[in-house]
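Heads up: the structure comes next, in structure tokens.
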Amino acid sequence: MTIPAPRRRSVPLVFTDEVAAALADGDPVVALESNVITHGLPYPDNAATARKVEEAVRAGGAVPATIGIDDCRIMIGMTDRDIERFAATPGIPKVSSRDLAAVLASGGTGATTVASSLVAAELAGIPFFSSAGIGGVHRGAESTMDISSDLIQFTRSRVAVVCAGAKKILDLGLTLEFLETHGVPVIAHGSDDFPAFYCRSSGLRAPQRLDDPALIARAVETHWALGNPGGVLVTSPTLPEDAIDEEDVEAAIADALRGAAADGVRGGAVTKYVMRAVDRATEGRSAQANAAVLIHTAQIGGRLAAAHARLKREEDQ
């Protein structure tokens, strides 16, 4: 008697016509998170920035696929109406990879983070994802164990992540150590250093540097050909005119951390406390720089996805 293998439950994905056509034709697509719409700038600036990010992906030569959760389904690509709805609706929760199953099962609406967007991108067959900055190991993690799920997801999802490094409020040295320990390649594009979000450099050297998009595409495919289960992290610093001075940011972070300790702020609340303090200290420049990083990395992501699509076509011929 042959016992049939248990059926694997499929996750409902709903594609926009544009994204579905691009994937069917082997055209480049870049996945984007929706958390930056719902938990970033206030309305209507958040909607305007989301549209600029999608335009930047197109300028890089790829099709944008902003990911969200709605009515028990993962949205692979958003229409303009979807972006407006997510931007204008208060209270849409942030959904990371840990929360994805419960939110999908209950039928709620949710905005995806880096980690949950990577889960969705792999399910949809999208090999590139772009974000302004990734999560990492938090300062003081040796006692709090506060480590972003983004880092764990990099080891699980076969998706290349294009970003401007991670925020300086994190322990960037330990973040790079974590990535090395788990075998996640870090490739710097356009700089020798690992960038720090809206600061062009963290002061830490990147393990590898490749500036040619075709070489980066080949490195990504080679990483997967070697049998590795996870992704590749590609960093590109923000433009000089959009960057904030590293010393100014570090001084603001130090002051904010002292203030958080004095006010009894602990755990996950520290990040929001420090980011708001940095924004005040930079007189709002950090919020503007944040939007600029999103747009710049989206364009770089589009270029790299386009180079990867060309490589795949050449290999298939």
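A few comments on the model shown:
- Restricting the stretch 20-47 to residues that are under 19 Å from the mean Cα position of the chain (by Cα) and among the hydrophobic types (A, V, I, L, M, F, W, C) leaves a set whose member that is modelled with the lowest pLDDT is Leu41.
- Restricted to the stretch 244-286, and to residues there that are touching a strand residue (DSSP E or B) at 6+ places or on another chain (Cβ under 8 Å) and either free of Cβ contacts under 8 Å to residues at least 12 places away in the same chain or within 25 Å of Leu179 (Cα to Cα) (or both), the residue that is surrounded by the most Cβ atoms within 10 Å (Cβ to Cβ) is Val249.
- Top-ranked residue of the stretch 188-215 - restricted to ones that are out of contact with any helix residue (DSSP H, G or I) (no Cβ under 6 Å at 6 or more places or on another chain) and more than 16 Å from Leu172 (Cβ to Cβ), ranked as surrounded by the most Cβ atoms within 10 Å (Cβ to Cβ): His189
- Gly301 meets all of the listed conditions (1) touching a Gly at 6+ places or on another chain (Cβ under 8 Å); (2) closer than 24 Å to Asp146 by Cβ; (3) in a helix (DSSP H, G or I) but one, namely (2).
- Scanning the stretch 118-164 for residues that are of a type in the set (A, V, I, L, M) and either farther than 25 Å from Asp27 by Cα or assigned to a loop (DSSP other than H, G, I, E, B) (or both) turns up Ile126, Ala132, Ile134, Val137, Ala141, Met145, Ile147, Leu151, Ile152, Val159, Ala164.
- The one condition from (1) surrounded by fewer than 24 Cβ atoms within 10 Å (Cβ to Cβ); (2) closer than 30 Å to Ile83 by Cα; (3) out of contact with any Pro (no Cβ under 8 Å at 6 or more places or on another chain) that Phe178 does not meet is (2).
- Leading residue by the ranking (farthest from Arg303 (Cα to Cα)) among those in the stretch 216-239 that are of a type in the set (Ser, Thr, Tyr) and buried (at least 24 other Cβ atoms within 10 Å of the Cβ): Thr238
- Counting the residues of the stretch 211-243 that are β-branched (Val, Ile, Thr), touching a Phe, Trp or Tyr at 6+ places or on another chain (Cβ under 8 Å) and in a loop (DSSP other than H, G, I, E, B) gives 1.
- Number of the condition not met by Val293 [criteria: (1) under 19 Å from the mean Cα position of the chain (by Cα); (2) among the aliphatic types (A, V, I, L, M); (3) in a loop (DSSP other than H, G, I, E, B)]: (3)
- Residue in the stretch 4-12 that is surrounded by 14 or more Cβ atoms within 10 Å (Cβ to Cβ), touching a helix residue (DSSP H, G or I) at 6+ places or on another chain (Cβ under 9 Å) and either modelled with pLDDT of 95 or more or in a strand (DSSP E or B) (or both) present: no
- Residues that are over 24 Å from Asp150 (Cβ atoms) and either surrounded by 19 or more Cβ atoms within 10 Å (Cβ to Cβ) or of a type in the set (S, T, N, Q) (or both) are absent from the stretch 35-57.
- Among residues of the stretch 244-272, those that are more than 18 Å from Ile147 (Cα to Cα) and either in a helix (DSSP H, G or I) or out of contact with any Phe, Trp or Tyr (no Cβ under 6 Å at 6 or more places or on another chain) (or both), counted: 19
The values are calculated or read from the model by the stated rules, or taken from the named source; none is laboratory data. All values derive from a computational prediction rather than experimental measurement. As a convention, Cβ positions derive from the backbone with ideal geometry for all residues, glycine included, and neighbour counts pool all protein chains shown.
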